[in-house]
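Worksheet: one structure, shown below.
We did not get these values from a lab; they are worked out from the coordinates using the rules stated. Fair warning: this is a prediction, and the values are worked out from it, not measured in the lab. Glycine gets a Cβ as well: all are built from the backbone with ideal geometry, and neighbour counts include every protein chain shown.
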Amino acid sequence: MSAVLRPGDAEEVARIVRDTARRAATRTHSPLHPVSTGLNWGLGSGSPVEDGATVLDLSRLDRVRTLDPRAGFAVVEPGVTQGALAARLVGSERTLNLTGASQQTSVLGNLLERGVGLRRSRAEDLAGLELVLADGTFTRCGWWPDDRSGTVQPHGRGPSLNHVFTQSAMAVATAAVVRLLPRPEEVRVLPLTFAASELPAAVDTLRSWTAQHLIPATTKVYNPVAARTYGVADRCLVHICLTGDAGLVAAQARLVAENAGRHGSPFAPGPPYAADGHVHRAYAGLPDPDDTLFLRKTGCCARCLDTARGLLMFLPVIPFRGSAVARASELITAALRGRTAAPGVTMNVLDADTIDHVVTLGFPPRDAQAVADAHRTLDRLHETFAAEGHLPYRPDIDHPLPRPRGLLHERLRQALDPHGVFARGRF
C-alpha cells in the first residue's frame, strides 16, 4: 500500500474520493481500498489485493445514526462494532444477529462481505446503503428511514441494488441500514457430540432434521480441533440453537433429544460446558465486553491477532450431504503441506442444501518455513476444492476472483468507476 487515510466523517470521505477522481483522469492517482475496521482476519485483514493502493480506513466513522427497536432497524457507520451495537440494544425488544468473530469487528464490513451470522446470513440483515460513488457523489440504495414506506423493505420497488455493492469494489459505503431481530422469549443451545468417523451419518441426520424443520438452519458443526475451544476433546461438536416461544423451544428440545437418543444415532449429548453461558449470550445477541469466545479461539485480543498469531482462512461452500462433507474432510487433510498443523474447521448450515466450511490455518508468524507451508496448504485447498466444484464464498487477497467475471459485471464496473478510482478488490 502507498498510504493510509483515516477520514473522520462521510463528507471527508467524499472529498478524498473527489480528489482521487480528479487525479485518476490523468492516471497519476493511487486507487482507494476502503476498509471498515480492517479486522478481516485470514483473508488479508485490511491489506489491498494489489500493491500501490491507498487504504481508506473508515474506523473513525463510528456513529449509530439511528436506532429504532420498534421498527426493527439501525443506521450504522463502518466503524460501529457488533459489540457496540449489541450493547445499545440491551433491554430493548430487538437483538443484533451477531457473528462468531470478535465483538470488535465491523457490522457494516461483515454485511458487505455477506458473512454468516449466528442466527441467519448477514446478507438478510442489509436493508439499505449510503454510498460515495467514484466521482464523489453521495447516493443511497435499498430502504431508508426517510422513505415514504414506514415498513422496512430491503428490496424496495423496482430493481434491487443493495447487492450490487456487497462483495464489490465499485463504491465506498459510509452507512448501512441494518435489520434487527425480534428478541426471542427463549434461547437454548443444545450441544451434541459424535465421533469423527461418524461424520457422514451425522451430517445426513442434521440435514434431515433441517429439511423437516425439526431444527433451524443455523446449526454449527465443529471438527475435533475446533471443538477444543468449547472443552470437547477428540470428538466433533454440534451446536443447535432453538429460539422463540418458551413452550415451543422446550418441545423442540425434547424432540431433538429423542431423535438423538434413538438406536443407531451417531450423536451423544454434549457436556453442558460445551454450550455455556457465553455461547448462549452470543446466540441471544448480547454483548460480551471481554470478547470471551474470541479469546478462547485465538488466545489473543482482536487488535493483536495479526502480529501475535499467523492465520489463513479458506471458506468453501459444500453440498449439505454426508458424502460431500466427508470428501471435503479428505481434501483438507490431503492439502496439508510441511509442518502445517491440522486445521480447525467450523461448518455453518446455510439451508437444507448448503453448508459452508471455515477452515482455519494457524502458524507462528515469525517462522518463515511455517509461513511458507501454510500458504502452500492454502494454495492446494483452492486448487483441489475448485477441481470438484466447491468454491469459496469469500476469497483472500492471494486468490482474488479473476477478471472479467462476465459482461454485466464488467459493464457495471466501467459505468460506475471508469477511471479506476477504487482498487481492485478480492471479488
(Q) Could you work out how much longer the chain between ALA372 and SER160 gets when fully extended? Use 0.36 nm per residue separation minus the Cα distance between them, nm to one decimal. (A) 72.0 nm
(Q) Given axes a ≥ b ≥ c from the Cα gyration tensor, I'd like to know whether the stretch 302-375 is rounded (a/c under 1.5), prolate (a/b larger than b/c) or oblate. (A) oblate
(Q) Given axes a ≥ b ≥ c from the Cα gyration tensor, I'd like to know whether the stretch 190-242 is rounded (a/c under 1.5), prolate (a/b larger than b/c) or oblate. (A) oblate
Q: Find the relative contact order for the chain and round it to a whole percent, using C-alpha pairs within less than 8 Å whose residues are 6+ positions apart.
A: 18 percent
Q) Using the alpha-carbon centroid of each, what span in Å lies between the stretch 271-311 and the stretch 239-256? A) 24 Å
(Q) How far apart, in nanometres, would the label points at CYS304 and THR66 be if each is projected 7 angstrom from Cα along the Cα-to-Cβ direction? (A) 4.1 nm
Q.
If I stretch the segment between GLU12 and LEU295 completely, what's the gain in nm (0.36 nm per residue apart, minus their alpha carbon distance), one decimal?
A. 98.4 nm
Q: Quick one: what are the phi-derived ³J(HN,Hα) couplings along the stretch 79-96, Karplus 6.51/-1.76/1.60 with θ = phi - 60°, whole Hz, x for glycine and proline?
A: x, 6, 8, 5, x, 5, 5, 4, 5, 5, 9, 4, x, 8, 8, 10, 9, 9
Q | Amide hydrogen neighbours beyond the local backbone of GLY285, cut-off 5 Å, H modeled | A | LEU98
Q: Could you calculate the contour length gain from ASP379 to ALA233, that is, 0.36 nm times the residue separation minus the distance between their Cα atoms, to one decimal place in nm?
A: 49.6 nm
Q. Tell me, what does the Kirkwood hydrodynamic radius of the chain come to in angstroms if you use every pair of distinct C-alpha atoms?
A. 22.6 Å
Q.
With the crude spin-label approximation of a point 7 Å out along Cα→Cβ, what separation in nm comes out for ALA257 versus ARG403?
A. 5.7 nm
Q. How would you classify the stretch 249-330 from its alpha-carbon gyration tensor, with a ≥ b ≥ c the square roots of the eigenvalues: rounded for a/c under 1.5, else prolate if a/b is greater than b/c, otherwise oblate?
A. oblate
Q.
If you average the C-alpha positions of the stretch 387-410 and of the stretch 138-180 separately, how far apart do those two centres end up, in angstrom?
A. 24 Å
**Q.** Label point at VAL225 placed 7 Å out along Cα→Cβ; residues across the stretch 34-56 whose backbone nitrogen lies under 18 Å
**A.** 41-44
Q: Can you tell me which of 355-365, 373-383 comes out highest on packing, and rank the rest after it, using the mean Cβ neighbours within 10 Å?
A: 355-365, 373-383
Q: Within 10 Å of each residue's Cβ, count the other Cβ atoms and sort HIS278, HIS263, HIS399 from fewest upward.
A: HIS263, HIS278, HIS399
